[in-house]
Amino acid sequence: MATTTRAETATREEYLQLHRWMCMAKALDDRMHILVKQGRAPFVGSSRGHEGIQVASTAAIGPDDWLVPHYRGLANSIVRGLTMKEWMLAVFAKAGDPLSGGRNIPGGCYSYRKLKIAPVSQVVASWIPKASGIAYAARLSGDGTVTLCTFGDGATSQGDFHEGVSFAALHSLPVVFVCENNGYAISVPIRLQMANPNIAERAAGYLSLIHIS
């Protein structure tokens, strides 16, 4: 029997909204680079080039689901409801910043409970087991929520990645892992980071634990 995909039933306005989110993330990213060069902002964890996958993956989950993004996940947070004003309050370390009260570098360490954005960390891959833990809690409570966890290719070289994915597979948890592969782990290219450039195969060892229908 033929099935209908979400992409086939999406309206023109829904597609335009996806485009607006991508443009908003790009505009904020560009502004942050300018502010850092001017010495008016301390740091920019650029999400440039990641806007598409971040918007698409986050738009696919529901408002009650949890988002566990990496520190370059600006577009993820925008889709969840983060406004330009709220982000700029964080950039300028203002007390009204709802992400950290102006106490952390913009994008580096923050959370937004109202939007169900779990605490972001700059310790690479440390949030992956956290995502599995949130999904495990959802499984135990039976609340039907899903957890979306994003990370870069460099995170797959950390032990946290394997521990988190192994735990999720063992318990068949409602968590979606999305690797945003831009070919570099900070400044280290894939050829100097891993012998097998096919990152998806790093999770293959856990697939036998997952029931696929």
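Kindly establish whether ALA118 is open to solvent by less than 20 Å² (accessible area, probe 1.4 Å), within 26 Å of PRO174 (Cβ to Cβ) and within 15 Å of the chain's Cα centre (by Cα).
Details: open to solvent by less than 20 Å² (accessible area, probe 1.4 Å): yes; within 26 Å of PRO174 (Cβ to Cβ): yes; within 15 Å of the chain's Cα centre (by Cα): yes.
Here the answer is yes, as ALA118 does meet what is asked.
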- Message: Looking at the range 33-48, can you tell me whether even one residue there is under 21 Å from the mean Cα position of the chain (by Cα), more than 19 Å from VAL120 (Cα to Cα) and not basic (Lys, Arg)?
- Response: yes
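Is there a residue being open to solvent by 50 Å² or more (accessible area, probe 1.4 Å) and modelled with pLDDT of 90 or more anywhere in the range 103-115? Don't jump to the end; show me each part of the working.
We begin by selecting, within the range 103-115, every residue open to solvent by 50 Å² or more (accessible area, probe 1.4 Å); these are 103-105, 113-114.
Filter once more, keeping what is modelled with pLDDT of 90 or more: 113-114.
Looking through the range 103-115, at least one residue is open to solvent by 50 Å² or more (accessible area, probe 1.4 Å) and modelled with pLDDT of 90 or more.
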- Would it be correct to say that ALA93 is crowded, with 24+ Cβ neighbours inside 10 Å and either small (Gly, Ala, Ser) or over 17 Å from ILE61 (Cβ atoms) (or both)? no
- Query: Can you find even one residue in the range 7-26 that is at pLDDT below 90 and of a type in the set (Lys, Arg)?
  - Reply: no
- Query: Among (1) under 12 Å from ILE128 (Cα atoms); (2) open to solvent by 20 Å² or more (accessible area, probe 1.4 Å); (3) of a type outside the set (Gly, Ala, Ser), where does ASN198 come up short?
  - Reply: (1)
- Kindly provide the set of residues from the range 32-74 that are open to solvent by less than 70 Å² (accessible area, probe 1.4 Å), within 25 Å of VAL175 (Cα to Cα) and β-branched (Val, Ile, Thr), ordered by number. VAL55, THR58, ILE61, VAL68
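The values are calculated or read from the model by the stated rules, or taken from the named source; none is laboratory data. On a predicted model such as this, the values are computed, not experimentally measured, just so you know. Note: ideal-geometry Cβ built from the backbone for every residue, glycine included; neighbour counts use all protein chains shown. For the accessible areas, the whole protein counts, side chains as well, though only heavy atoms, and no ligand, DNA or RNA atoms are used. Shrake-Rupley method; radii C 1.70, N 1.55, O 1.52, S 1.80 Å.
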